[in-house]
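Chemist: Take a look at the following structure, please.
The values are calculated or read from the model by the stated rules, or taken from the named source; none is laboratory data. These figures come from a predicted structure and were not determined experimentally. Here the Cβ positions follow ideal geometry from the backbone for every residue, glycine too, while neighbour counts run over all protein chains shown. Note: areas computed on protein heavy atoms with side chains; ligands, DNA, RNA excluded. Shrake-Rupley method; radii C 1.70, N 1.55, O 1.52, S 1.80 Å.
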Amino acid sequence: MGASATVVNGLMGIIRNKWFAQHLEASGLGILAQVFSNQAWLGTAAGMGLGLPVARVIGAATAADDQPAARRTVWAAFTLLAMTGSVVVAGGLLFAAQISQALLGAAAYAGLIRISMIGVAGVAVQQTLVGLFAGRSDLRAPLTFSIVGGGISVLAMFLLVPRWGLQGGALAVAILFPAGCVGALAVHRRTYAPVLTPPRERALTPGLARSLLTVAGAGLLASLVEQGTFLTVRSHYVRANGIEANGFLQAGLSISQQVGSLFYAYLASYAFGKISGAPGAEGTRAYTRKHWTPIILPAAAALIAARLGATPLLHLLYSHRFDPAEPLMAWALVGEFGRIGLMTWALGSLPLGGARLWFPISLVFPVALAIAYALFAASGAGVLSMPKAYASAGLGAACVCGMVMSRRGVTLGARDIAVFAGGAAALILLAWGRVR
């Protein structure tokens, strides 16, 4: 049930990518990929990472049957969102031309940036609602969000693309998030009516605002750094290799990340709760070793299968015009394998050592990505500079995370390390053998 929303999102994404590829081709997909990445980054900034503290407070209030505390927390979060969201959206509308120039090397796409501000507001609200749903341990509401928001978005896409071209595609994706929020709250209104009724007293107090933002700070900064690094690197990649190359890159990354999302869903929705209850370093090490091979082996098999079937997958999910994306996809799959290993090994970092352990680990991948991309771009790797950097950063971050966690007592056995090394070697050989 926890993975169902991820599966629905993946299916909706496949339909959207296929339609965009058929009607907007690689260049259109490359443009929209940058617009959507910027939408996600600005939406995350506007949301201020409030999902985590809201989930913690709602969970405690629900256990104590304290509805007033839950109501105050939700409305305090909404008040903060109204303030920050207004600033971010207004800035996006005002500086749309400059953002377009930075992302795509031309101010001509400012209209797409302005349309995406609808999505920015929706992303910000959605993150807080995710915290509300998680605090109630509600797996149905996120699924409803995915079905309603994704369904309306896909319907809008069929109606607006190719009639309105890029503007139609941007609008179809932008309305996904507000539509999903409204749909989830409408369908589950009886469940959430007590906390969504405005409180009589002022909801946002200095103390409550401080407690929410303190907890949110580390998670927000980590998300902004990772998304911002990715967006910056992709912006340089567009200017260096062209918009069409970015469309091929988007296809390769999208397929690899859809495979990885199945494993991330399990880790986030189930395994994190289990490992959070593990006693100390010994319990964290025991659980990490217990689920390492059952996760890494299927991940390697799924990614290798995707690599072997790359051409049919690209034809099925995009079109025959996306054949140039195959070598890019090959290296992206290597990086995805590294990221799965990274998340699996680092899963117990927050329960074990708090933000002081988790936060530095969360920065390893974006820092490694920026360094690796600079090196590959300078070496003349061309269109392969980004996917090779993604591969290097994924594997490198997993190794660094392993060293940090091992120093805290969370080590792997020789068989576990051999499984990871074997999967990485197989994927590297498959990628290298086709692009030499």
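Chemist: Take Arg356, project a point 7 Å from its Cα along the Cβ direction, then tell me which residues of region 274-307 have their backbone nitrogen under 18 Å from it.
Modeler: 280-282
Chemist: A further question follows. For region 344-356, what does the Karplus curve 6.51 cos²θ - 1.76 cosθ + 1.60, with θ = phi - 60°, yield as ³J(HN,Hα) per residue in whole Hz, taken in order and with x for Gly and Pro?
Modeler: 5, 6, 8, 4, x, 5, 5, x, 7, x, x, 5, 5
Chemist: Calculate log10 I(q)/I(0) of region 1-99 for q = 0.12 Å⁻¹, where I(q) comes from the Debye formula with a single equal point scatterer on each Cα and nothing for solvent.
Modeler: Scattering profile of region 1-99, log10 relative to I(0): -0.65.
Chemist: Need one value: the accessible area of Tyr390 in square angstrom, 1.4 angstrom probe, rounded to the nearest 10.
Modeler: Here the accessible area works out near 0 Å².
Chemist: Which ³J(HN,Hα) values in Hz, rounded to whole numbers, follow from the phi angles of region 322-330 under the Karplus curve 6.51 cos²θ - 1.76 cosθ + 1.60, where θ = phi - 60° and Gly and Pro get x?
Modeler: 9, 4, x, 7, 4, x, 5, 5, 4
Chemist: At a probe size of 1.4 Å, how large is the accessible area of Leu221, to the nearest 10 Å²?
Modeler: Using a 1.4 Å probe on the heavy atoms, I get roughly 90 Å².
Chemist: Return the distance in nm (one decimal) between the two label points of a simple spin-label model at Ser137 and Ile304, each offset 7 Å from Cα along Cα→Cβ.
Modeler: My value for the distance between the label points is 3.8 nm.
Chemist: While we're on this one: Under Stokes-Einstein, with the Kirkwood radius over Cα pairs standing in for Rh, what whole-number D in µm²/s applies to region 282-379 at 20 °C and 1.002 mPa s?
Modeler: Translational D for this selection: 135 µm²/s.
Chemist: Tell me, what % of the accessible area of the chain is carbon and sulfur with a 1.4 angstrom probe?
Modeler: Exposed carbon and sulfur together represent 67 percent of the surface.
Chemist: In deg cm²/dmol, rounded to 500, what helix-only [θ] at 222 nm does the chain give when every DSSP H run of at least 4 residues adds -39500 (n - 2.57) and the total is split over its residues?
Modeler: -29000 deg cm²/dmol
Chemist: Within 12 Å, Cβ to Cβ, of Leu317, how many net charges do the neighbouring residues add up to if Lys/Arg are +1 and Asp/Glu are -1?
Modeler: +2
Chemist: Please state the shape class of the chain: rounded when a/c is under 1.5, otherwise prolate if a/b exceeds b/c and oblate if not, all from the C-alpha gyration tensor.
Modeler: It comes out oblate by the Cα gyration axes.
Chemist: Hey, another quick one. Starting from the 7 Å offset along Cα-to-Cβ, what nm value, one decimal, do you get for the label separation of Ser276 and Thr84?
Modeler: In this crude label model, Ser276 to Thr84 measures out at 2.0 nm.
Chemist: Sum up the charges of everything whose Cβ sits under 13 Å from the Cβ of Val8, counting Lys and Arg as +1 and Asp and Glu as -1, but leave Val8 out.
Modeler: Result for the neighbourhood of Val8: +2.
Chemist: What accessible area per residue comes out for region 1-54, rounded to a whole number of Å², with a 1.4 Å probe?
Modeler: 32
Chemist: Then there's this: As I understand it, the dipole of region 212-297 uses +1 on the Cβ of Lys and Arg and -1 on the Cβ of Asp and Glu, about the Cα centre. Which of Ala281, Gly242, Ala218 lies farthest toward its positive end?
Modeler: Ala281
Chemist: In addition: Please work out how much length the chain gains when fully extended from Ala425 to Thr197, using 0.36 nm per residue of separation minus the C-alpha to C-alpha distance, in nm with one decimal.
Modeler: Taking Ala425 through Thr197 to full extension adds about 76.6 nm, to one decimal.
Chemist: Using a cut-off of 16 Å between alpha-carbon atoms, which lysines can reach Lys290, once sequence neighbours fewer than 8 places away in the same chain are excluded?
Modeler: Lys274
Chemist: For the residue pair Ile15 and Ala102, what label-to-label distance in nm results when each label sits 7 Å from Cα along the Cα-to-beta-carbon direction?
Modeler: Those two pseudo-labels are separated by 3.4 nm.
Chemist: Under 15 Å from the Cβ of Leu249, count the other residues' Cβ atoms, weight Lys and Arg +1, Asp and Glu -1, and hand me the total.
Modeler: -1
Chemist: Mind checking which of Val400, Gly382, Ala368 is farthest towards the positive end of region 293-408's charge dipole, using Cβ charges of +1 (Lys, Arg) and -1 (Asp, Glu) about the Cα centre?
Modeler: It is Val400.
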